[in-house]
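Laboratory data are not the source of any read-out in this text; all were calculated from the coordinates shown. The structure presented is a predicted model; accordingly, all values stated were derived computationally and were not measured. Note that each Cβ is placed from the backbone with ideal geometry, even for glycine, and that neighbours are counted across all protein chains shown.
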Amino acid sequence: MAQRPVFIPHFDGPLLVRTVSVTFDWFPGLSVSQKQRSIESLHAAARQLPGVSRVLEVSSKSKEQLGTALSAFNLTLPNSVQPGGLSVECAFQGSKVFEQGGPYSDIYGMSSREAKRDDRLRTSGSLTGFRFLDLDWPLEPQTAFYDWLYINALRENLGLTKCLDDFSAFTDIEFNPEKSINCQAYAVALYVSLLRRGILEAVTLDKDTFLHFLRDRPISNAQQDDTRQGFLF
């Protein structure tokens, strides 16, 4: 058995994304087929939640072509930074600033897999912030910079986002909140919530507006067996 969060866009009230941790059967193994069996089990459990019908796995392991395309490894930002396109993953990793170095903007030219595995990301001391397009981003709110990158990439890929209304919840089988903070499935749920509320353009107008918005409201909650509340994934 395993636990993973399910991210549900919320369209009324201050809460933007409802996060529910569900228990499901885990199928061990590194193969894609084993990952997809675990995803099927996770989604079966998710569909037992109130208001959840169709669930989209947002990762390179997704059976849905849309879910694979929305993986941070594949989703690209506007072409103004890196000739040939810049994936969300490369933008995020290449913008990290550490105590002893960074940002390592040459990562922008790598593949997403190479970017995530770059040794400098683990040997440059503690993370102190991010720098992207000459703008410095703080570490708090925790997921703000990643969500900003991801949402802006979604805004430039309307051919993908027009299909998101077909889904009521989003998952990422690789995301474990015990080990990670940023999550592509959460960023999709946040985008859908902002879009359906009619505030996407206003909220993402610029960095300061986005940060101010995040600091003024609960972005997500966690509902788990220990009933923890207010945990920001």
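Starting from the Cα gyration tensor of region 76-137, take the square roots of the eigenvalues, sort them a ≥ b ≥ c, and report rounded, prolate or oblate (rounded when a/c is under 1.5, otherwise prolate if a/b is larger than b/c, else oblate).
Oblate, since a/c reaches 1.5 and b/c is not below a/b.
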| Computed label-point distance, nm, for sites Leu158 and Arg217 using a 7 Å Cα→Cβ extension | 2.4
| field | Ranked list, fewest to most other Cβ atoms within 10 Å of each Cβ, for Asp172, Asp136, Asp206, Asp118 | value | Asp206, Asp136, Asp118, Asp172
| note | Ranked from fewest to most other Cβ atoms within 10 Å of their own Cβ, His212, His10 fall in the order His212, His10
| message | I need the fraction of alpha carbon pairs in region 83-197 separated by more than 19 Å, rounded to a whole percent. | response | 50
| query | Taking amide H positions as placed 1.01 Å from N in the peptide plane, with prolines and chain starts having none, which residues 5 or more places from Val22, or on another chain, fall under 5 Å of its amide H? | reply | Arg4, Val6
| request: Springs between alpha-carbon atoms under 10 Å, Gaussian network over the chain: tell me which of Ala169, Ala187, Ala69 tops the mean-square fluctuations. | output: Ala69
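Once fully extended, how much extra length lies between Ala2 and Glu99, figured as 0.36 nm per residue of separation less the alpha-carbon to alpha-carbon distance?
Details: separation 97, 0.36 × 97 = 34.92 nm, distance 3.54 nm.
Here the segment from Ala2 to Glu99 would lengthen by 31.4 nm.
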| task | Consider a paramagnetic label point 7 Å from the Cα of Lys207 along Cα→Cβ; state which residues of region 95-119 have an amide N under 13 Å from it. | result | 95-97, 103
| query | Which cross-chain or sequence-distant (5 or more) residues have an amide H under 5 Å from the amide H of Phe130, H modelled 1.01 Å from N in plane? | reply | Val97, Trp137
| said: Could you derive backbone 3J(HN,Hα) for region 58-74 from the dihedral phi with the Karplus parameters 6.51, -1.76 and 1.60 (θ = phi - 60°), listing whole Hz in sequence and x where the residue is Gly or Pro? | reply: 9, 5, 5, 8, 5, 6, 7, 4, 4, x, 5, 5, 8, 4, 4, 6, 10
| request: On a 0 to 90° scale, report how tilted helix 32-46 is relative to the longest principal axis of the chain, with both axes built from alpha carbons and the result rounded to the nearest 10. | output: 60
| Which angle between 0 and 90 degrees, to the nearest 10, do you get for helix 144-155 versus the longest principal axis of the chain when only C-alpha atoms count? | 80
| Pulled fully out, how much extra length does the chain show between Asp134 and Gln65, if you take 0.36 nm times their separation in residues and subtract their Cα-Cα distance? | 21.4 nm
| Candidate lysines for bridging to Lys179, where Cα separation is under 23 Å - those fewer than 8 sequence places away on the same chain excluded | Lys35, Lys61, Lys96, Lys116
| query | Taking H as built 1.01 Å from N, whose amide H comes closer than 5 Å to the amide H of Leu86, not counting residues under 5 places away? | reply | Leu77
| note | Taking Met1, Met110 and counting other beta carbon atoms within 10 angstrom, the fewest-first order is Met1, Met110
| task | Go ahead and run the numbers for FRET between Asp119 and Ile181, Cβ-Cβ distance against an R0 of 22 Å, rounding to 0.05. | result | 0.60
| task | May I ask what percent, to the nearest 5, of DSSP beta bridges between residues of the chain are antiparallel? | result | 80
